[in-house]
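Beneath this line is the structure, given in structure tokens, with notes to follow.
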Amino acid sequence: MSVAGLTGGIQEWRRNLNDEDRVTIQRELVRLQVKTLAQPNSGRFINCKNAAGRTVLKIYPDRIAFAPGCAETEKMATEGLPLSAFAVKEREKAAKVAAKPKTKAALEIQVESPGVCQTCFLQLPVNGRCACDE
């Protein structure tokens, strides 16, 4: 079983997987005896099921997430297996966004505080007169 042949959004991020990620995915598909790959309408992951129809793992653009009892280690169970290609692409994308010049200047409005009442030490209202003075 391999991830080849799926369409839609998954094809988009699959192109960014490096050889190491492909080997990792293939190893887990074989280890868990995956028989069926399905792409939900959202296109956000690949749902991988065994012969019994049980979901054993999900492949996301940035990681492999395991169903309970399917991970080899506790760390894999809680964090999944990271896929490197997506993380690299996201860092490159973030760097491009940070490098773009800002098109809108921040609008700064300075409001001068009317001060504090010298009698009751509360902040004065905008008109500058405290209620305790009346």
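The values are calculated or read from the model by the stated rules, or taken from the named source; none is laboratory data. Note that the structure is a prediction, hence the values are computed from the model and not measured. We place every Cβ from the backbone using ideal geometry, glycine too, and count neighbours over all the protein chains shown.
Scanning the range 7-39 for residues that are modelled with pLDDT under 80, part of a loop (DSSP other than H, G, I, E, B) and either out of contact with any helix residue (DSSP H, G or I) (no Cβ under 6 Å at 6 or more places or on another chain) or farther than 19 Å from LEU83 by Cα (or both) returns THR7, GLY8, ARG15.
Here are PRO61, PRO82: which of them is under 15 Å from ARG27 (Cα atoms) and either among the charged types (D, E, K, R) or within 21 Å of the chain's Cα centre (by Cα) (or both)? Result of the check over PRO61, PRO82: PRO82. Kindly establish whether ALA85 is of a type in the set (A, V, I, L, M), modelled with pLDDT under 85 and over 30 Å from CYS132 (Cα atoms). Criteria met by ALA85. Here SER42 qualifies as at pLDDT 75 or above, small (Gly, Ala, Ser) and assigned to a loop (DSSP other than H, G, I, E, B). Selection of first residues in the range 35-49 that are closer than 10 Å to ILE59 by Cβ and of second residues that are modelled with pLDDT of 85 or more and charged (D, E, K, R), restricted to Cβ pairs under 7 Å at least 6 apart or on distinct chains, gives the following pairs, ordered by first then second residue: PHE45/LYS58; ILE46/LYS58; ASN47/LYS58; CYS48/LYS58.
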